[in-house]
Structure formats: structure tokens, C-alpha cells
Amino acid sequence: MTQIHDIKHAQTERNEWGSSWQFLLTCIGYAVGLGNIWRFPALAYEHGGGAFLIPYLICSLLIGFPLLYLEMSIGQFCKAGPAVAYGWIRPAFQGIGWSMAMLSLLIGIYYNVIVAWTLIYLWTIITGNSNQFSSCTNQFNTIFAWTLIYLWTIITGNSNQFSSCTNQFNTIYCSSSLEDLRCANELKTFGAFYFNRTCNFGNDTIAKSLKDKTFSILSAVSPAEEFFERYVLEKTATLSEFGGLSLKMVISLGLAWLFTTLVLVKGVEVMGKIAWFTGTTPYIIIVILFIRGITLDGAKVGLDYYLLKPNLSVIWLAETWRAAATQVCYSLAIGMGGLISLASFNDFHQNCFKDAFLITLADASTSVLGGTAVFSTLGFMSNQLNISIDAVVQSGTGLAFIAYPEAMSRMPGWPWLWQFLFFLMILILGIASHFGLAEVMCTALYDQFPFLRKHKSLLVIFVCLSCYICGLVMCTRAGIFYFNLFDDYTASFSMMLLVLLELVLVAHIYGLSNYVIDLQIMMGPAKNWLTRIYGPTGICIQIIWRFIAPLLIIVVFIFALISQIKTNKRTYGKDKRLYIFPEWAIVFGWILSMISLIFIPSLIIINLIKFRRKGKNWRELFKLQTKWPSYKRNLNIKQNRTVKENIQGGEMITQM
């Protein structure tokens, strides 16, 4: 049995978490993010409702949990981030880690924009203007940063803007049943309707004819949609029309990055303390919204579509499984390097197997619970408007920033309270996830260049400031188009390729038997028959790592690549407001997909040149490096095997 003193860490000066709970809550905050709230419910709706849970949970068990555990154990064992960890196993594969760091950075650039949006919403609510979400008389109607904006809208009491068409930013196309109801009360007549900032009698044929003709040119839009597009985004018509920077977006995004910078400068000690809040508060809010949602009139309409009436036929479709596997990897942040970086600050003997299971459980539970809260609320809105839920459900940003705010603005009692809680939850989830995304590149840089540790604060400021500057393109009036390009292309097939290479490197090149011994050194050998089968080094996890997970990832990677190749047209909006992206935007999207993968061949060339200068053979690129903690043990095993083979060869010669 290998002794602990055979393990030597190259990174000797490395901080550790204050407790195992701080690490666990930080990882939960990092893994459980906005995708659980707005991406999962929409995917479930598109792929059979409750039936989607079957492939999703299976993929969580066979892909999510095993790969989560693999990445966390790598970081914990070698006490280093992905940029150097894979290079210590085989220098030819060092590019995997740097690709992960770059992928996280690209995601972090647009992810913080959501936080900025949320801040604007919160500000609107706090200032008492939440009626703008349901009103057509607002002045402005004609994701971290987004989240901050939304939160500020709610906190300031302006959440009525989400449902009002009387704001200065509202256009003639703004239409709201709440405005019609207000007009009926004002005019004291049945059938009154709102149009062009005016209440009209139901028998006013001229106004009604003008309204019908206007809406035949362009379809009517809700106050919540005009609030998002005309006030928060100040959206232009096309991708090419930058329209200048939006001041409130620039400020909101700056606040989002400032907060990230301050936390990362302080390191894991502060991050761990903040995790007690960011890792628990969203769940309290989700439970509150869940209870409120299922008690609303019409909630069953949404729950029927989401859970209670599943379309089981979709289980046999390959696209359903691709969507489930991709969502699991994206939601758990697998292949992004963040989990490796966070786990590198662990105690060497931390039970990361248990941590990985709890994080996976928290992630799946949040998706199901959050989806239930969202769809029960949308069912309420469907019932209120007397329309099909198909007309209510939207995906992505539309679900979080248009459909859900409008639905909450119609709730009886205190609609501003539910709006505030929702956007506060989005803000916390966005912030907690963003810490991990930004940390990966910082860890990569000072792991690769140890002298930078002395200038950690400057390094963090440089990385965060650079990302902020890059994100300013999404603060322009055309920012939503660039946001969608980043969201669609950044973490597509490239993430699956990195996960596949990671599995091949550890399970097949380094050798699963070698890695199992490394794990036993960290967490001890199996103590009984149960742990020998299902434990940290059990038969089940070995079979999944060696055979099942690689096979599934290959299939998902192929489908993801084919899907992206086939989707040669990207759009925004719908019906007569549909905008088709130009061809150059698709090319830009492919560049985003490939840019992180450039590090793989680049690091092979760089390491080859480095080894040549040191007089080493190119074969060194495919050999275990001395900085890998168990290098000494692996060397002894190799020497013993060579001696044994020589002895056996000598005996054969003697017998001859």
C-alpha cells in the first residue's frame, strides 16, 4: 500500500476552505445557477414535460455525478487548477485545462450581463414602479447586470412597469388585459379597451378598426416585453445597429464585475463565508415561490403541461437525450474547470465523493422544484388571460424577464413582493455561479506562473476588468443579439469535446487502476462490500468512467456538432418581429465555439518547443511529470514491472 509520504504536491502555498461546508455550499452556488430556473423548465416543456425528467435524471446519474466527482477529485488530489493538472498527467493534454479556463471566461463575460439586467429590475421594483411590467404607459416602451437592473426595479417599487402600458417607453403596439380592465372601470362600461394611450368605448368602431389595422402590421406586445426590450435593453432593430452604450447597463454591469472582483481578491476565505448566504437563500426563496405558485388559480394548467401529463413517446427520441445530457453538463458546470479549481483548495482527505453526490442532488432538486414554481405561475397567467399555455411559455431570457414578471404582476395581494423575491433569487444564483467562472482563469494564471501569486490582487483586477470591457458590447443597444450569440455558441459541442478528452486522459491514458490508487490514498480503501461496489473507488464508478460515460459523451458530442452545423440560421423574436441574423454573425458564433479549443494544439507545440530546448525527446509529452503528486509511486511501479519482466525473460532464456 502506498504511503502518504509518497505523495508530493508541487503547490505548497495554497489556501484552504474554512470548513468542508463552505466548500460544499460554494460548489452548490457555482453549479446550481440560472440554467436551472429558465433553461430547464423550457427544455422540459419542449421535450415531453414530465417525461423529460426520466432522461434528465438518468443522465445526472450516469454523466453528471461521475464527471463531477472526477473533476473534483483531480483538483483535490493535485492541489492545482485545470491549466496545470492535466499537463502534469501528460503534457500533450495540458491544453484541455487551458481550454476549460477560456471556456469559463467566455461564459462569465455574458453570464454577468444577466446579473446586470436583474439589477435594473430590482431597482424598478424598489422605487415603486413595478406596475411598468403590466402597464402600457411607461416612458421607456416605444442576465448579472440584467439581474441587478431587474432587482433594483423591484426593490424601488416600480415592478408595476412590468404589466403597464402607460409608461413613456411604451409604443402603440403595447397591449394588456389589465389596461382594458382599468379602462372598463374608468369608463364604467363593459367592453372598453385600451389603445394608443387612450381608453376607448367598446362601440367605438373607428378606434377598434385602427387598432385592428395597427396590429395587423405588427403584432401586439405585452408591457413586460416592452419593459425588457425598450427600457432595459433599449434594443435596436438589427445586429449591425450598435446604437451606442446604454448608461444604466454600463453601470449595472460595472457593479456586477466590481462585486466579483472584490470577492476574488479576498480569496476562498471570503468566498466560503459568502457561501453560507448564497448557497442557502435561493432555496428558501424557491420554496416560497413554489408554495405560492401551486396555490394560485389555474396552477394545475401549468403543472399538467410540466409534470402531470407527460408525453412518454419523446423518451425514444435521440434529441431528447441530447438535450438532457447537455443540460446536465451545463447545469453542473462540467468541462468548465471551475470545480477543479474550487476543489484544489480542499483538505487532501476531504470526501469529495459525498460532496459530488450532494451537489448533483441539489442541482436536480432545484431544477424540478424551480420548474414547478415557474410553470404553476405560468398556468395561473394562462388562466387569467384565458389563452393556451403555449402562448405563455417562452424560453431563455423571455421566460425569466418577460413571461414570469408579467405573470407575477397579476398575482393578488402583493405582486411586487413575489417579483422582488424572484429577481433576488436570480441575482444570488447569478453572483454565486459567476464567482466560480471568473476564478478558473485567475487560478490558471497563477498556477502556470507562480510569481503572479505575489500580485494576486492585480491579476484578479486585470482579468475582471478585461472581461468587463469585452462585455460592453452587450451593453450597446444591439447587446441582446450578441448575448444570444454567446449563449448559443460558447458552450456547445466544445464543452462535450473537453469532457471526452478528460475522460480518455484519466481513465485510459493515465490508467484507471493508477487513478483508483490515487483516490484510495486520499479517501482510504473500501471498507465493506457496499463501498467496494458503490463507493468512491467502487466497481460502479470505474465501469462508468471507463465505458459508459465516454460512450454517452461521444454520442452527445456527435449530435451536438451535427445540430450546430444544421442550424445555419439564428433568429430573434417571432412572427412579424422575427429577425434573422446575418451570415457573418454565424461565422462569429463558430469562432466563439472554436476559440477555447485553440489551446489544445497550441499547448502541444509550446510544450514540444520547451522540451526541445531542455534537450528532452518529444516522447516526454506523453509521460507522467514529476509534479504529479503520485509520480514517485508510479515510477516505482514501472521500475518493479520492468525488473519483473527482465527476470521472467531471463528464466525463459535459462530454460531454453
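The values are calculated or read from the model by the stated rules, or taken from the named source; none is laboratory data. A quick note: this is a predicted structure, and the numbers were derived from the prediction, not measured. Cβ placement follows ideal geometry from the backbone for every residue including glycine, while neighbour counts extend to all protein chains displayed.
Inside segment 368-395, can you point out the residues that are touching an Asp or Glu at 6+ places or on another chain (Cβ under 7 Å) and either small (Gly, Ala, Ser) or at pLDDT 85 or above (or both)?
Selection gives Phe380 alone.
Show me the helices (runs of 4 or more DSSP H) found entirely inside segment 443-533 where at least 1 residues are hydroxyl-bearing (Ser, Thr, Tyr) and over 28 Å from Tyr631 (Cβ atoms).
The qualifying helices (runs of 4 or more DSSP H) are 456-471, 479-489, 493-503.
Looking at segment 561-580, which of its residues are in contact with a Phe, Trp or Tyr (Cβ under 7 Å, 6 or more places away or on another chain), modelled with pLDDT of 85 or more and over 17 Å from Gly398 (Cα atoms)?
Across segment 561-580, the qualifying residue is only Leu561.
What do you reckon, is Leu303 over 18 Å from Thr26 (Cβ atoms) and surrounded by fewer than 19 Cβ atoms within 10 Å (Cβ to Cβ)?
Here the answer is no, as Leu303 does not meet what is asked.
Yes or no, residue by residue, for (1) modelled with pLDDT of 95 or more; (2) polar (S, T, N, Q); (3) in contact with a Gly (Cβ under 8 Å, 6 or more places away or on another chain):
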site	(1), (2), (3)
Leu68	yes, no, no
Val115	no, no, yes
Thr127	no, yes, yes
Gln139	no, yes, no
Phe144	no, no, yes
Ile155	no, no, no
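So, in segment 181-203, exactly how many residues are at pLDDT below 75 and not polar (S, T, N, Q)? So that I can check it myself, show each step before the final result.
Let us first name the residues in segment 181-203 that are at pLDDT below 75, namely 196-197.
Still in the list and also not polar (S, T, N, Q): 197.
Matching residues across segment 181-203 total 1.
Of the residues Tyr30, Tyr56, Tyr110, Tyr121, which is surrounded by 24 or more Cβ atoms within 10 Å (Cβ to Cβ) and either of a type in the set (Asp, Glu) or within 18 Å of Leu342 (Cβ to Cβ) (or both)?
Details: Tyr56 fails: either of a type in the set (Asp, Glu) or within 18 Å of Leu342 (Cβ to Cβ) (or both); Tyr110 fails: either of a type in the set (Asp, Glu) or within 18 Å of Leu342 (Cβ to Cβ) (or both); Tyr121 fails: either of a type in the set (Asp, Glu) or within 18 Å of Leu342 (Cβ to Cβ) (or both).
Just a single option satisfies the conditions, and that option is Tyr30.
Here is a list of conditions, (1) buried (at least 18 other Cβ atoms within 10 Å of the Cβ); (2) within 19 Å of the chain's Cα centre (by Cα), and Ser376 meets all of them except one; can you say which number that is?
(2)
From the list Pro629, Pro536, exactly one residue is in contact with a His (Cβ under 6 Å, 6 or more places away or on another chain), at pLDDT 90 or above and buried (at least 18 other Cβ atoms within 10 Å of the Cβ). Which is it?
Pro629 is the lone residue from the list that is in contact with a His (Cβ under 6 Å, 6 or more places away or on another chain), at pLDDT 90 or above and buried (at least 18 other Cβ atoms within 10 Å of the Cβ).
Is it the case, given these coordinates, that Ser513 is small (Gly, Ala, Ser), assigned by TED's automatic domain parsing to the domain that holds Ile96 and crowded, with 23+ Cβ neighbours inside 10 Å?
Judged against the criteria, Ser513 is not a match.
One residue is enough: does segment 407-418 have a residue meeting the conditions closer than 22 Å to Gly108 by Cα and surrounded by fewer than 22 Cβ atoms within 10 Å (Cβ to Cβ)?
No; the residues of segment 407-418 include none that is closer than 22 Å to Gly108 by Cα and surrounded by fewer than 22 Cβ atoms within 10 Å (Cβ to Cβ).
From (1) modelled with pLDDT of 90 or more; (2) closer than 19 Å to Trp38 by Cα; (3) crowded, with 22+ Cβ neighbours inside 10 Å, pick out the condition that doesn't hold for Ser344.
(2)
Is there any pair linking a residue in segment 288-313 that is under 12 Å from Leu53 (Cα atoms) to one that is assigned to a loop (DSSP other than H, G, I, E, B), with Cβ under 6 Å and at least six apart or on different chains, and which?
Sorted first by the residue in segment 288-313, then by its partner, the pairs are Pro310/Gly48; Asn311/Gly48.
For segment 247-256, state whether one or more residues are β-branched (Val, Ile, Thr) and part of a helix (DSSP H, G or I).
yes
Looking at segment 68-111, which of its residues are charged (D, E, K, R) and not in a helix (DSSP H, G or I)?
Lys79, Arg90
Applying the selection to segment 420-448, what residues are surrounded by fewer than 24 Cβ atoms within 10 Å (Cβ to Cβ) and of a type in the set (Ser, Thr, Tyr)?
If the condition is that a residue be surrounded by fewer than 24 Cβ atoms within 10 Å (Cβ to Cβ) and of a type in the set (Ser, Thr, Tyr), then Tyr446 is the only one that fits.
Quick one: in segment 472-483, which of the residues that are in contact with a Phe, Trp or Tyr (Cβ under 7 Å, 6 or more places away or on another chain) and under 14 Å from Leu106 (Cβ atoms) is surrounded by the most Cβ atoms within 10 Å (Cβ to Cβ)?
The residue in question is Met474.
What is the residue count in segment 379-406 for residues that are surrounded by fewer than 19 Cβ atoms within 10 Å (Cβ to Cβ), farther than 19 Å from Arg39 by Cα and of a type in the set (Gly, Ala, Ser)?
Looking only at that region, the number is 1.
Which ones in segment 215-244 are within 26 Å of the chain's Cα centre (by Cα) and not in a helix (DSSP H, G or I)?
Selection gives Leu233, Glu234, Lys235, Leu239.
Tell me the residue from Ile543, Ile539 that is over 22 Å from the mean Cα position of the chain (by Cα), farther than 19 Å from Ile509 by Cβ, in the same structural domain as His508 (by TED's automatic domain parsing) and β-branched (Val, Ile, Thr), please.
Criteria check complete, one pass: Ile539.
Search segment 576-605 for residues that are more than 26 Å from Ala92 (Cβ to Cβ) and pair each with any residue that is exposed (fewer than 12 other Cβ atoms within 10 Å of the Cβ) and at pLDDT below 95 when their beta-carbon atoms are under 7 Å apart and the residues are at least 6 apart or on different chains.
The qualifying pairs are Leu578/Thr571; Tyr579/Thr571; Ile580/Lys569; Ile580/Thr571; Phe581/Thr571; Ile586/Asn568.
Just to be sure before I move on: is Gly511 within 29 Å of the chain's Cα centre (by Cα), more than 21 Å from Ser494 (Cα to Cα) and of a type in the set (Gly, Ala, Ser) in the structure I sent?
Details: within 29 Å of the chain's Cα centre (by Cα): no; more than 21 Å from Ser494 (Cα to Cα): yes; of a type in the set (Gly, Ala, Ser): yes.
No.
Of the residues in segment 541-579, how many are more than 21 Å from Leu501 (Cα to Cα) and not β-branched (Val, Ile, Thr)?
So the answer is 12.
Does any residue in segment 475-499 that is under 19 Å from Trp98 (Cβ atoms) and assigned by TED's automatic domain parsing to the domain that holds Gly35 come within less than 6 Å, Cβ to Cβ, of a residue that is crowded, with 24+ Cβ neighbours inside 10 Å and not hydrophobic (A, V, I, L, M, F, W, C) six or more places away or on a different chain, and which pairs are these?
Here the result reads Ser494/Ser596; Met495/Gly335; Leu498/Ser99; Leu498/Gly335; Val499/Gly335, each pair linking segment 475-499 to a residue that is crowded, with 24+ Cβ neighbours inside 10 Å and not hydrophobic (A, V, I, L, M, F, W, C).
Taking segment 306-325 as the region of interest, how many residues are over 24 Å from the mean Cα position of the chain (by Cα) and surrounded by fewer than 19 Cβ atoms within 10 Å (Cβ to Cβ)?
8
For Ile206, all conditions in the list (1) at pLDDT 85 or above; (2) part of a helix (DSSP H, G or I) hold save one; what is the number of the exception?
Just one mismatch for Ile206, condition (1).
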